[in-house]
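Below is one structure, written out as C-alpha coordinates, with a few remarks after it.
The values are calculated or read from the model by the stated rules, or taken from the named source; none is laboratory data. A quick note: this is a predicted structure, and the numbers were derived from the prediction, not measured. Quick reminder, even Gly has a Cβ in these numbers, built from the backbone with ideal geometry, and neighbours come from all protein chains shown. To get the accessible areas, we keep the full protein, side chains included, count just its heavy atoms, and leave off ligands, DNA and RNA. Shrake-Rupley method; radii C 1.70, N 1.55, O 1.52, S 1.80 Å.
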Amino acid sequence: MIRSASVALFAALCLGMPAVGQSPEARGKAIYFGEDPSALDTTLATISSTGTSLPARVFPCANCHGEFGAGKPERGILPPNLSRTALTKPYDVFGERGRQRGPYTLETFGRALREGTDPAGNDLDVAMPRYAFSDQAIADVWHFLATVQDPQDPGISDKTLRLAFLQTGDTASRPVLRSGVMAVVDGLVEDINLQGGIHGRQLDIVHVTRPDDPAIDTAFLVMSLGRPERPPADDILLLQTQGPTGLGRRAYSLYSGREEQAAALRAYAARELTLVKLSDWSCDGAPVQMAYLVVTPDCLDDLPPDLPAFLTQSAFEALSAAQRRRLPDETYVALPSGADQIPQPSQYAFVRFMRSKQIAPGQAVMLQAQAYSLMSVAIEGLMQSGRTLSRTVFTEQIEAFDRFMGAVGPPLSFGRNRRVGNAGARIVAFSAQSQTFSPDATWIELDRPGGR
Ligand code: HEC
(Lines give C-alpha, C1' and ligand atoms only; values in the text may rest on other atoms or scores of the structure.)
Protein backbone atom coordinates (compact mmCIF):
# COMPACT_ATOMS: atom_id res chain seq x y z
CA MET A 1 0.00 0.00 0.00
CA ILE A 2 2.62 2.43 1.14
CA ARG A 3 4.77 1.64 -1.83
CA SER A 4 2.05 2.23 -4.43
CA ALA A 5 0.98 5.43 -2.69
CA SER A 6 4.49 6.81 -2.88
CA VAL A 7 4.79 5.79 -6.51
CA ALA A 8 1.52 7.58 -7.25
CA LEU A 9 2.77 10.68 -5.48
CA PHE A 10 6.02 10.51 -7.38
CA ALA A 11 4.08 10.09 -10.61
CA ALA A 12 1.99 13.13 -9.79
CA LEU A 13 5.11 15.18 -9.14
CA CYS A 14 6.50 14.13 -12.46
CA LEU A 15 3.43 15.19 -14.41
CA GLY A 16 4.24 17.94 -16.80
CA MET A 17 7.68 16.57 -17.53
CA PRO A 18 8.56 16.83 -21.21
CA ALA A 19 8.10 13.11 -21.84
CA VAL A 20 4.37 13.44 -21.23
CA GLY A 21 3.83 15.60 -24.27
CA GLN A 22 5.94 13.52 -26.67
CA SER A 23 4.78 10.97 -29.20
CA PRO A 24 4.20 7.37 -28.05
CA GLU A 25 7.31 6.27 -30.00
CA ALA A 26 9.48 8.89 -28.31
CA ARG A 27 8.17 7.95 -24.86
CA GLY A 28 8.64 4.27 -25.64
CA LYS A 29 12.17 4.92 -26.84
CA ALA A 30 12.96 6.80 -23.62
CA ILE A 31 11.81 3.76 -21.62
CA TYR A 32 13.72 1.35 -23.82
CA PHE A 33 17.01 3.23 -23.50
CA GLY A 34 16.43 4.58 -19.99
CA GLU A 35 16.63 8.18 -21.18
CA ASP A 36 15.85 10.93 -18.76
CA PRO A 37 12.91 11.40 -18.12
CA SER A 38 10.94 8.27 -18.84
CA ALA A 39 8.21 6.15 -17.28
CA LEU A 40 11.02 4.12 -15.68
CA ASP A 41 11.37 6.99 -13.21
CA THR A 42 7.96 6.24 -11.73
CA THR A 43 7.94 2.45 -12.00
CA LEU A 44 9.20 -0.34 -9.79
CA ALA A 45 10.69 -3.53 -11.14
CA THR A 46 10.91 -6.88 -9.36
CA ILE A 47 13.57 -9.50 -9.75
CA SER A 48 11.53 -12.66 -9.39
CA SER A 49 14.36 -14.85 -8.11
CA THR A 50 14.83 -12.68 -5.01
CA GLY A 51 11.49 -10.86 -4.90
CA THR A 52 13.18 -7.51 -4.32
CA SER A 53 11.71 -4.39 -5.87
CA LEU A 54 13.94 -1.71 -7.24
CA PRO A 55 13.36 1.48 -9.22
CA ALA A 56 12.90 0.37 -12.83
CA ARG A 57 15.43 3.04 -13.83
CA VAL A 58 18.10 0.46 -12.98
CA PHE A 59 16.81 -1.86 -15.76
CA PRO A 60 16.39 -0.14 -19.12
CA CYS A 61 15.44 -2.73 -21.74
CA ALA A 62 18.46 -1.88 -23.95
CA ASN A 63 20.84 -3.12 -21.23
CA CYS A 64 19.83 -6.70 -22.00
CA HIS A 65 17.94 -6.62 -25.28
CA GLY A 66 20.58 -4.46 -27.00
CA GLU A 67 20.50 -1.24 -28.93
CA PHE A 68 18.67 -2.69 -31.89
CA GLY A 69 16.49 -5.15 -29.96
CA ALA A 70 18.47 -8.15 -31.13
CA GLY A 71 19.55 -9.21 -27.63
CA LYS A 72 22.91 -9.11 -25.88
CA PRO A 73 24.08 -12.51 -24.68
CA GLU A 74 25.16 -12.47 -21.06
CA ARG A 75 26.13 -15.30 -18.72
CA GLY A 76 24.71 -17.93 -21.05
CA ILE A 77 21.30 -16.27 -21.38
CA LEU A 78 20.28 -14.70 -24.65
CA PRO A 79 17.43 -12.21 -24.26
CA PRO A 80 15.18 -12.77 -27.29
CA ASN A 81 14.76 -10.42 -30.23
CA LEU A 82 12.24 -7.73 -29.33
CA SER A 83 11.52 -6.23 -32.72
CA ARG A 84 7.80 -6.08 -33.34
CA THR A 85 8.24 -8.43 -36.30
CA ALA A 86 9.94 -11.03 -34.12
CA LEU A 87 7.38 -10.71 -31.34
CA THR A 88 4.35 -10.98 -33.60
CA LYS A 89 5.52 -13.84 -35.77
CA PRO A 90 2.32 -15.78 -36.56
CA TYR A 91 3.82 -19.11 -35.62
CA ASP A 92 5.40 -20.66 -32.59
CA VAL A 93 9.05 -19.81 -32.09
CA PHE A 94 11.50 -21.73 -30.03
CA GLY A 95 13.04 -19.63 -27.34
CA GLU A 96 16.55 -20.15 -26.02
CA ARG A 97 15.25 -22.44 -23.31
CA GLY A 98 12.96 -24.37 -25.62
CA ARG A 99 9.93 -22.22 -24.88
CA GLN A 100 7.21 -22.40 -27.47
CA ARG A 101 4.82 -19.54 -27.87
CA GLY A 102 2.38 -17.91 -30.23
CA PRO A 103 2.55 -14.34 -31.49
CA TYR A 104 2.37 -11.49 -28.99
CA THR A 105 -0.42 -8.93 -28.94
CA LEU A 106 -0.38 -5.68 -27.00
CA GLU A 107 -2.25 -7.47 -24.23
CA THR A 108 0.04 -10.49 -23.90
CA PHE A 109 3.05 -8.18 -24.25
CA GLY A 110 1.79 -6.28 -21.21
CA ARG A 111 1.44 -9.54 -19.31
CA ALA A 112 5.03 -10.47 -20.21
CA LEU A 113 6.29 -7.20 -18.74
CA ARG A 114 4.12 -7.20 -15.61
CA GLU A 115 3.82 -10.89 -14.79
CA GLY A 116 6.65 -12.53 -16.71
CA THR A 117 4.61 -14.95 -18.81
CA ASP A 118 4.60 -15.42 -22.58
CA PRO A 119 1.44 -15.84 -24.75
CA ALA A 120 1.48 -19.60 -24.14
CA GLY A 121 1.55 -19.03 -20.38
CA ASN A 122 5.17 -20.13 -19.93
CA ASP A 123 7.13 -18.32 -17.23
CA LEU A 124 9.92 -16.18 -18.60
CA ASP A 125 13.40 -16.66 -17.23
CA VAL A 126 14.03 -14.91 -13.92
CA ALA A 127 16.66 -12.76 -15.63
CA MET A 128 13.80 -10.76 -17.18
CA PRO A 129 12.58 -8.24 -14.57
CA ARG A 130 8.86 -7.77 -13.87
CA TYR A 131 7.81 -4.15 -14.37
CA ALA A 132 4.83 -2.48 -12.66
CA PHE A 133 4.16 -0.39 -15.79
CA SER A 134 1.01 1.65 -16.49
CA ASP A 135 -1.07 0.72 -19.55
CA GLN A 136 0.26 3.78 -21.29
CA ALA A 137 3.91 2.89 -20.68
CA ILE A 138 3.29 -0.60 -22.08
CA ALA A 139 1.58 0.80 -25.17
CA ASP A 140 4.46 3.27 -25.63
CA VAL A 141 7.13 0.55 -25.58
CA TRP A 142 5.01 -1.61 -27.90
CA HIS A 143 4.84 1.33 -30.31
CA PHE A 144 8.56 1.88 -30.19
CA LEU A 145 9.43 -1.78 -30.80
CA ALA A 146 8.05 -1.40 -34.33
CA THR A 147 11.20 0.60 -35.16
CA VAL A 148 13.76 -0.62 -32.61
CA GLN A 149 15.75 -2.39 -35.32
CA ASP A 150 16.14 0.83 -37.34
CA PRO A 151 19.00 3.26 -36.78
CA GLN A 152 17.99 5.72 -34.04
CA ASP A 153 20.72 8.28 -34.52
CA PRO A 154 20.58 11.03 -37.14
CA GLY A 155 22.43 10.97 -40.43
CA ILE A 156 22.22 7.22 -41.09
CA SER A 157 20.21 5.94 -44.01
CA ASP A 158 20.33 2.78 -45.99
CA LYS A 159 22.63 4.22 -48.67
CA THR A 160 24.23 7.31 -47.12
CA LEU A 161 25.91 8.53 -44.00
CA ARG A 162 25.94 12.21 -43.25
CA LEU A 163 28.90 13.87 -41.53
CA ALA A 164 29.37 17.55 -40.72
CA PHE A 165 32.63 19.44 -40.89
CA LEU A 166 32.72 22.55 -38.71
CA GLN A 167 35.21 25.36 -39.20
CA THR A 168 35.06 28.30 -36.82
CA GLY A 169 37.12 31.38 -36.02
CA ASP A 170 40.04 32.26 -38.22
CA THR A 171 39.81 29.23 -40.45
CA ALA A 172 36.18 29.96 -41.27
CA SER A 173 36.59 33.66 -42.00
CA ARG A 174 39.63 33.46 -44.28
CA PRO A 175 38.64 32.05 -47.67
CA VAL A 176 42.13 30.70 -48.51
CA LEU A 177 42.21 28.66 -45.34
CA ARG A 178 38.60 27.58 -45.54
CA SER A 179 38.76 26.37 -49.13
CA GLY A 180 42.15 24.71 -48.55
CA VAL A 181 40.65 22.65 -45.74
CA MET A 182 37.51 21.85 -47.71
CA ALA A 183 39.60 20.51 -50.58
CA VAL A 184 41.20 17.97 -48.23
CA VAL A 185 37.92 16.89 -46.65
CA ASP A 186 36.10 16.61 -49.96
CA GLY A 187 39.06 14.80 -51.53
CA LEU A 188 39.03 12.11 -48.84
CA VAL A 189 35.27 11.72 -49.11
CA GLU A 190 35.59 11.33 -52.86
CA ASP A 191 38.20 8.57 -52.45
CA ILE A 192 36.06 6.68 -49.95
CA ASN A 193 32.94 6.96 -52.08
CA LEU A 194 34.74 5.77 -55.21
CA GLN A 195 35.68 2.65 -53.27
CA GLY A 196 32.03 2.00 -52.46
CA GLY A 197 31.65 4.07 -49.30
CA ILE A 198 31.82 2.67 -45.78
CA HIS A 199 29.90 -0.57 -45.24
CA GLY A 200 27.76 0.18 -48.26
CA ARG A 201 26.97 3.78 -47.35
CA GLN A 202 28.20 6.76 -49.35
CA LEU A 203 29.55 9.62 -47.23
CA ASP A 204 27.65 12.85 -47.53
CA ILE A 205 29.55 15.76 -46.01
CA VAL A 206 28.14 19.16 -45.04
CA HIS A 207 30.49 22.07 -44.35
CA VAL A 208 29.33 24.49 -41.66
CA THR A 209 30.83 27.49 -39.89
CA ARG A 210 28.57 27.85 -36.85
CA PRO A 211 28.06 25.35 -34.02
CA ASP A 212 24.33 26.14 -34.06
CA ASP A 213 23.92 25.50 -37.79
CA PRO A 214 20.75 23.38 -38.14
CA ALA A 215 22.58 21.04 -40.57
CA ILE A 216 24.54 19.74 -37.57
CA ASP A 217 21.41 18.11 -36.18
CA THR A 218 21.09 16.03 -39.33
CA ALA A 219 24.62 14.62 -39.10
CA PHE A 220 25.75 11.41 -37.41
CA LEU A 221 29.09 12.90 -36.44
CA VAL A 222 30.63 16.37 -36.32
CA MET A 223 34.30 17.07 -36.91
CA SER A 224 35.52 20.41 -35.67
CA LEU A 225 38.62 22.32 -36.64
CA GLY A 226 39.48 25.27 -34.47
CA ARG A 227 38.08 25.62 -31.02
CA PRO A 228 34.35 26.08 -30.63
CA GLU A 229 33.82 27.48 -27.14
CA ARG A 230 30.38 26.03 -27.14
CA PRO A 231 29.38 22.45 -27.84
CA PRO A 232 26.94 21.91 -30.67
CA ALA A 233 24.73 19.87 -28.27
CA ASP A 234 25.43 17.57 -25.38
CA ASP A 235 24.74 14.24 -27.02
CA ILE A 236 26.35 15.11 -30.35
CA LEU A 237 29.27 12.97 -31.42
CA LEU A 238 32.17 15.39 -31.74
CA LEU A 239 35.74 14.90 -32.94
CA GLN A 240 37.86 18.00 -32.55
CA THR A 241 41.51 18.79 -33.01
CA GLN A 242 42.09 20.35 -29.61
CA GLY A 243 40.14 20.97 -26.40
CA PRO A 244 38.27 22.33 -24.64
CA THR A 245 37.37 18.94 -23.30
CA GLY A 246 34.19 18.30 -21.43
CA LEU A 247 32.12 19.65 -24.32
CA GLY A 248 29.74 16.75 -23.97
CA ARG A 249 29.76 13.11 -23.11
CA ARG A 250 30.73 12.17 -26.65
CA ALA A 251 33.40 14.77 -27.43
CA TYR A 252 36.90 13.60 -28.27
CA SER A 253 40.00 15.71 -28.96
CA LEU A 254 43.03 14.60 -30.92
CA TYR A 255 45.47 16.81 -29.01
CA SER A 256 45.73 18.52 -25.65
CA GLY A 257 43.73 21.68 -25.15
CA ARG A 258 44.18 24.45 -22.64
CA GLU A 259 43.25 22.41 -19.57
CA GLU A 260 45.62 19.57 -20.43
CA GLN A 261 48.46 21.96 -21.31
CA ALA A 262 48.01 23.76 -18.00
CA ALA A 263 48.09 20.41 -16.18
CA ALA A 264 51.28 19.46 -18.05
CA LEU A 265 52.92 22.79 -17.13
CA ARG A 266 52.08 22.27 -13.46
CA ALA A 267 53.47 18.73 -13.56
CA TYR A 268 56.64 19.97 -15.28
CA ALA A 269 57.16 22.76 -12.77
CA ALA A 270 56.81 20.34 -9.88
CA ARG A 271 58.83 17.50 -11.35
CA GLU A 272 61.65 19.22 -13.21
CA LEU A 273 62.00 22.53 -11.38
CA THR A 274 60.69 21.46 -7.96
CA LEU A 275 58.40 24.45 -7.88
CA VAL A 276 55.66 23.36 -5.56
CA LYS A 277 53.19 26.09 -6.35
CA LEU A 278 52.27 27.69 -9.64
CA SER A 279 49.89 30.59 -9.17
CA ASP A 280 47.37 31.44 -11.85
CA TRP A 281 48.27 34.78 -13.33
CA SER A 282 45.45 37.24 -12.93
CA CYS A 283 45.25 40.96 -13.58
CA ASP A 284 44.70 42.10 -10.01
CA GLY A 285 48.36 42.56 -9.13
CA ALA A 286 48.56 39.52 -6.85
CA PRO A 287 51.31 39.51 -4.20
CA VAL A 288 54.66 38.01 -5.13
CA GLN A 289 54.49 34.29 -5.81
CA MET A 290 57.06 31.71 -6.88
CA ALA A 291 56.01 31.38 -10.50
CA TYR A 292 53.01 32.09 -12.67
CA LEU A 293 50.83 29.98 -14.92
CA VAL A 294 49.37 31.96 -17.80
CA VAL A 295 46.43 30.62 -19.79
CA THR A 296 45.09 33.88 -21.22
CA PRO A 297 47.26 36.70 -22.53
CA ASP A 298 45.61 39.40 -20.40
CA CYS A 299 47.76 42.08 -18.64
CA LEU A 300 50.96 40.26 -19.50
CA ASP A 301 52.88 43.50 -19.47
CA ASP A 302 52.60 43.49 -15.68
CA LEU A 303 54.11 40.01 -15.33
CA PRO A 304 57.07 40.16 -12.87
CA PRO A 305 60.22 39.79 -15.04
CA ASP A 306 62.24 37.96 -12.40
CA LEU A 307 59.87 35.02 -11.79
CA PRO A 308 59.37 32.03 -14.06
CA ALA A 309 56.29 32.11 -16.29
CA PHE A 310 54.49 29.08 -17.78
CA LEU A 311 52.33 29.71 -20.85
CA THR A 312 49.85 27.54 -22.71
CA GLN A 313 50.15 27.48 -26.48
CA SER A 314 47.16 29.75 -27.09
CA ALA A 315 48.34 32.32 -24.54
CA PHE A 316 51.74 32.38 -26.22
CA GLU A 317 50.35 32.58 -29.75
CA ALA A 318 48.17 35.53 -28.81
CA LEU A 319 51.17 37.67 -27.87
CA SER A 320 52.49 40.42 -30.09
CA ALA A 321 56.19 40.47 -31.01
CA ALA A 322 56.72 43.33 -28.53
CA GLN A 323 55.06 41.37 -25.75
CA ARG A 324 57.20 38.34 -26.50
CA ARG A 325 60.31 40.46 -26.04
CA ARG A 326 59.13 41.51 -22.59
CA LEU A 327 58.52 37.97 -21.34
CA PRO A 328 60.48 36.92 -18.18
CA ASP A 329 63.93 35.39 -18.67
CA GLU A 330 62.62 32.05 -17.56
CA THR A 331 59.61 31.29 -19.75
CA TYR A 332 58.17 27.89 -20.63
CA VAL A 333 55.54 27.13 -23.26
CA ALA A 334 53.38 24.00 -23.60
CA LEU A 335 52.98 22.71 -27.15
CA PRO A 336 50.45 19.94 -27.76
CA SER A 337 52.52 17.93 -30.22
CA GLY A 338 55.65 18.27 -32.25
CA ALA A 339 56.53 17.53 -35.85
CA ASP A 340 59.23 15.14 -34.62
CA GLN A 341 56.52 12.96 -33.13
CA ILE A 342 54.81 12.31 -36.45
CA PRO A 343 55.63 8.78 -37.61
CA GLN A 344 57.09 8.79 -41.11
CA PRO A 345 54.46 6.56 -42.71
CA SER A 346 51.77 9.03 -41.60
CA GLN A 347 53.70 11.92 -43.14
CA TYR A 348 54.13 10.04 -46.41
CA ALA A 349 50.49 9.04 -46.57
CA PHE A 350 49.47 12.67 -46.18
CA VAL A 351 51.92 13.90 -48.81
CA ARG A 352 50.81 11.17 -51.24
CA PHE A 353 47.19 12.10 -50.72
CA MET A 354 47.85 15.80 -51.30
CA ARG A 355 49.69 14.99 -54.53
CA SER A 356 47.02 12.62 -55.78
CA LYS A 357 44.42 15.34 -55.36
CA GLN A 358 46.76 18.01 -56.70
CA ILE A 359 46.25 20.12 -53.62
CA ALA A 360 49.09 22.58 -53.22
CA PRO A 361 50.15 22.71 -49.57
CA GLY A 362 49.98 26.46 -49.10
CA GLN A 363 49.28 28.63 -46.12
CA ALA A 364 46.67 26.21 -44.90
CA VAL A 365 48.94 23.18 -44.65
CA MET A 366 48.84 22.87 -40.85
CA LEU A 367 45.07 23.07 -40.87
CA GLN A 368 44.90 20.68 -43.81
CA ALA A 369 46.94 18.18 -41.84
CA GLN A 370 44.53 18.54 -38.93
CA ALA A 371 41.51 18.11 -41.19
CA TYR A 372 43.12 15.00 -42.67
CA SER A 373 43.72 13.67 -39.15
CA LEU A 374 40.13 14.27 -38.06
CA MET A 375 38.85 12.53 -41.17
CA SER A 376 41.21 9.57 -40.66
CA VAL A 377 39.98 9.05 -37.12
CA ALA A 378 36.34 9.33 -38.23
CA ILE A 379 36.82 6.92 -41.13
CA GLU A 380 38.68 4.37 -39.01
CA GLY A 381 35.97 4.54 -36.33
CA LEU A 382 33.24 4.07 -38.93
CA MET A 383 35.02 1.13 -40.57
CA GLN A 384 35.42 -0.58 -37.19
CA SER A 385 31.80 0.07 -36.25
CA GLY A 386 30.35 -2.07 -39.01
CA ARG A 387 27.07 -1.73 -40.83
CA THR A 388 24.85 -1.71 -37.74
CA LEU A 389 25.89 1.78 -36.85
CA SER A 390 24.96 3.95 -33.90
CA ARG A 391 26.68 6.66 -31.89
CA THR A 392 27.09 4.20 -29.03
CA VAL A 393 28.76 1.63 -31.28
CA PHE A 394 31.05 4.30 -32.75
CA THR A 395 31.98 5.53 -29.27
CA GLU A 396 32.93 2.01 -28.22
CA GLN A 397 35.16 1.69 -31.27
CA ILE A 398 36.89 5.04 -30.73
CA GLU A 399 37.53 4.14 -27.11
CA ALA A 400 39.32 1.01 -28.27
CA PHE A 401 41.89 3.03 -30.28
CA ASP A 402 45.34 2.12 -29.07
CA ARG A 403 48.16 4.09 -30.67
CA PHE A 404 46.31 4.71 -33.93
CA MET A 405 48.81 5.88 -36.54
CA GLY A 406 46.55 7.25 -39.27
CA ALA A 407 46.67 10.90 -38.20
CA VAL A 408 49.32 13.37 -39.35
CA GLY A 409 50.58 13.57 -35.81
CA PRO A 410 51.60 11.41 -32.90
CA PRO A 411 49.80 8.10 -32.29
CA LEU A 412 46.34 8.47 -30.77
CA SER A 413 44.80 6.40 -27.99
CA PHE A 414 41.37 6.79 -26.45
CA GLY A 415 39.58 4.98 -23.69
CA ARG A 416 36.69 5.15 -21.29
CA ASN A 417 38.33 7.87 -19.27
CA ARG A 418 40.54 9.15 -21.99
CA ARG A 419 39.05 11.74 -24.33
CA VAL A 420 42.27 13.26 -25.61
CA GLY A 421 44.10 11.10 -28.14
CA ASN A 422 47.62 12.39 -27.62
CA ALA A 423 47.52 13.17 -23.99
CA GLY A 424 50.28 15.41 -22.90
CA ALA A 425 52.38 18.34 -23.99
CA ARG A 426 55.94 19.22 -24.85
CA ILE A 427 57.33 21.81 -22.50
CA VAL A 428 59.85 24.06 -24.20
CA ALA A 429 61.88 26.91 -22.77
CA PHE A 430 61.53 30.19 -24.66
CA SER A 431 64.25 32.81 -24.60
CA ALA A 432 62.87 36.34 -24.65
CA GLN A 433 66.31 37.66 -25.47
CA SER A 434 66.97 35.63 -28.61
CA GLN A 435 63.26 35.04 -29.36
CA THR A 436 63.86 31.34 -29.89
CA PHE A 437 62.73 28.06 -28.39
CA SER A 438 65.29 25.84 -26.77
CA PRO A 439 66.04 22.76 -28.89
CA ASP A 440 65.35 20.29 -26.10
CA ALA A 441 61.83 19.75 -24.97
CA THR A 442 60.41 17.59 -22.23
CA TRP A 443 57.36 15.51 -22.99
CA ILE A 444 54.88 15.37 -20.12
CA GLU A 445 52.37 12.57 -20.38
CA LEU A 446 49.00 12.96 -18.69
CA ASP A 447 47.25 9.93 -17.30
CA ARG A 448 43.53 10.47 -17.59
CA PRO A 449 43.14 13.49 -19.79
CA GLY A 450 39.66 14.82 -20.34
CA GLY A 451 38.16 11.96 -18.34
CA ARG A 452 34.90 12.72 -16.62
C1 HEC B 1 18.22 -7.74 -16.91
C2 HEC B 1 18.04 -8.11 -18.30
C3 HEC B 1 16.72 -7.72 -18.95
C4 HEC B 1 16.11 -6.49 -18.97
C5 HEC B 1 16.59 -5.21 -18.32
C6 HEC B 1 14.91 -6.64 -19.77
N7 HEC B 1 14.80 -7.91 -20.23
FE8 HEC B 1 13.29 -8.67 -21.32
N9 HEC B 1 14.13 -10.50 -21.22
C10 HEC B 1 15.33 -10.81 -20.64
C11 HEC B 1 15.61 -12.22 -20.80
C12 HEC B 1 16.84 -12.96 -20.32
C13 HEC B 1 14.51 -12.76 -21.49
C14 HEC B 1 14.31 -14.22 -21.92
C15 HEC B 1 13.41 -14.93 -21.00
C16 HEC B 1 13.11 -16.35 -21.48
O17 HEC B 1 13.40 -16.68 -22.63
O18 HEC B 1 12.56 -17.09 -20.67
C19 HEC B 1 13.60 -11.64 -21.73
C20 HEC B 1 12.40 -11.76 -22.40
C21 HEC B 1 11.58 -10.72 -22.76
C22 HEC B 1 10.36 -10.85 -23.49
C23 HEC B 1 9.77 -12.15 -24.03
C24 HEC B 1 10.10 -12.33 -25.48
C25 HEC B 1 9.63 -13.62 -26.09
O26 HEC B 1 10.00 -13.85 -27.23
O27 HEC B 1 8.89 -14.36 -25.44
C28 HEC B 1 9.85 -9.61 -23.69
C29 HEC B 1 8.58 -9.22 -24.40
C30 HEC B 1 10.75 -8.69 -23.02
N31 HEC B 1 11.79 -9.39 -22.46
C32 HEC B 1 10.60 -7.32 -22.99
C33 HEC B 1 11.40 -6.45 -22.25
C34 HEC B 1 11.19 -5.04 -22.16
C35 HEC B 1 10.13 -4.25 -22.91
C36 HEC B 1 12.13 -4.55 -21.30
C37 HEC B 1 12.29 -3.13 -20.78
C38 HEC B 1 11.12 -2.51 -20.23
C39 HEC B 1 12.96 -5.68 -20.89
N40 HEC B 1 12.48 -6.81 -21.51
C41 HEC B 1 14.04 -5.59 -20.03
C42 HEC B 1 16.16 -9.93 -19.99
C43 HEC B 1 15.88 -8.61 -19.73
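Output the relative contact order of segment 411-450, whole-number percent, from Cα pairs under 8 angstrom with separation of 6+ residues. Don't jump to the answer; show the numbers that get you there.
Working: 52 pairs, mean separation 16.9, N = 40.
Relative contact order for segment 411-450 comes out at 42 percent.
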TODO: Could you tell me which chymotrypsin sites (Phe, Trp or Tyr not before Pro) in segment 303-338 are loop residues by DSSP with no more than 11 other beta carbons within 10 angstrom of their beta carbon?
DONE: none
- [ ] Return the inverse of the average 1/r over all pairs of distinct C-alpha atoms in segment 251-351, which is the Kirkwood hydrodynamic radius, in Å to one decimal.
- [x] 14.9 Å
Task: Dipole of the chain, positive direction: furthest Cα of LEU273, GLY415, ILE379, with charges on the beta-carbon - done: ILE379
TODO: Could you pull the accessible area for ASP123 with a 1.4 Å probe, rounded to 10 Å²?
DONE: 100 Å²
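Order of 152-160, 411-419 by packing, highest average Cβ count within 10 Å first? Kindly include the intermediate steps, with their values, before the conclusion.
Working: 152-160: 15.0, 411-419: 18.2.
The peptides rank, most packed first, as 411-419, 152-160.
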- [ ] Name the long-range amide H neighbours of ILE205: under 5 Å, sequence gap of 5 or more, or other chain; modelled H, no Pro or chain starts.
- [x] LEU163
Open item on the list: Using the crude model of +1 on Lys and Arg Cβ and -1 on Asp and Glu Cβ, and no other charge, please compute the dipole size for the chain relative to its Cα centre, in debye to 20.
Closed with: 680 debye
Open item on the list: Debye calculation, C-alpha points only, no solvent: report log10 I(q)/I(0) for the chain at q = 0.11 Å⁻¹, in the same order as the q values.
Closed with: -0.96
- [ ] Pull up all non-local amide H partners of PHE404: gap of 5 or more, or a different chain, and H-to-H distance under 5 Å with H placed in the peptide plane.
- [x] LEU412, SER413
TODO: Work out from phi, with θ = phi - 60° and the Karplus expression 6.51 cos²θ - 1.76 cosθ + 1.60, the ³J(HN,Hα) of each residue of segment 352-369, listed in order in whole Hz, and give x for Gly and Pro.
DONE: 4, 4, 4, 5, 4, 9, 6, 9, 7, x, x, 4, 8, 4, 5, 5, 4, 5
Task: Nearby lysines by direct alpha-carbon distance to LYS357 (threshold 27 angstrom, same-chain neighbours under 8 apart not counted) - done: LYS159
Open item on the list: I want to check the label-to-label distance for ASN63 and ASP301. Put each point 7 Å from Cα in the C-beta direction and report it in nm to one decimal.
Closed with: 6.1 nm
Open item on the list: Going by amide H atoms built from the backbone, whose H comes under 5 Å of the H on SER253, apart from near neighbours?
Closed with: GLN240, VAL420, GLY421
Open item on the list: What distance in nm separates the two pseudo spin-label positions at ARG210 and VAL351, each 7 Å out from Cα along the beta-carbon direction?
Closed with: 4.2 nm
Task: Hz values of 3J(HN,Hα) by residue in segment 114-121 - Karplus curve (6.51, -1.76, 1.60), Gly and Pro given as x - done: 7, 10, x, 10, 8, x, 8, x
TODO: Among ALA322, THR117, HIS143, flag the residue with its Cα farthest along the positive direction of the charge dipole of the chain, charges on Cβ as +1 for Lys/Arg and -1 for Asp/Glu.
DONE: THR117
Open item on the list: Give me a comma-separated list of calculated 3J(HN,Hα) values for segment 46-51, in order, Karplus coefficients 6.51, -1.76, 1.60 applied at θ = phi - 60°, integers in Hz, x for any Gly or Pro.
Closed with: 10, 8, 5, 5, 10, x
- [ ] Just name one of ALA183, VAL428, MET366: the one whose Cα is farthest towards the positive end of the charge dipole of the chain (beta-carbon charges, Lys/Arg +1, Asp/Glu -1).
- [x] ALA183
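Counting only DSSP beta bridges with both residues in the chain, what percent are antiparallel, rounded to the nearest 5?
Numbers: 26 of 55 bridges.
The antiparallel proportion sits near 45 percent.
Estimate the FRET efficiency between PHE437 and GLU115 by the formula 1/(1 + (r/R0)^6), using the beta-carbon distance for r and 41 Å for R0, to the nearest 0.05.
Working: r = 72 Å, r/R0 = 1.76.
Here the calculated transfer efficiency is 0.05.
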Open item on the list: For the chain, what does the relative contact order come out to in percent, with C-alpha contacts under 8 Å and a separation of six or more?
Closed with: 11 percent
Task: Spin-label proximity, ALA146 to segment 26-69 - amide N less than 19 Å from point 7 Å beyond Cα toward beta carbon - done: 26-33, 68-69
TODO: Using only protein heavy atoms and a 1.4 Å probe, report how much of CYS299 is accessible, in Å² to the nearest 10.
DONE: 40 Å²
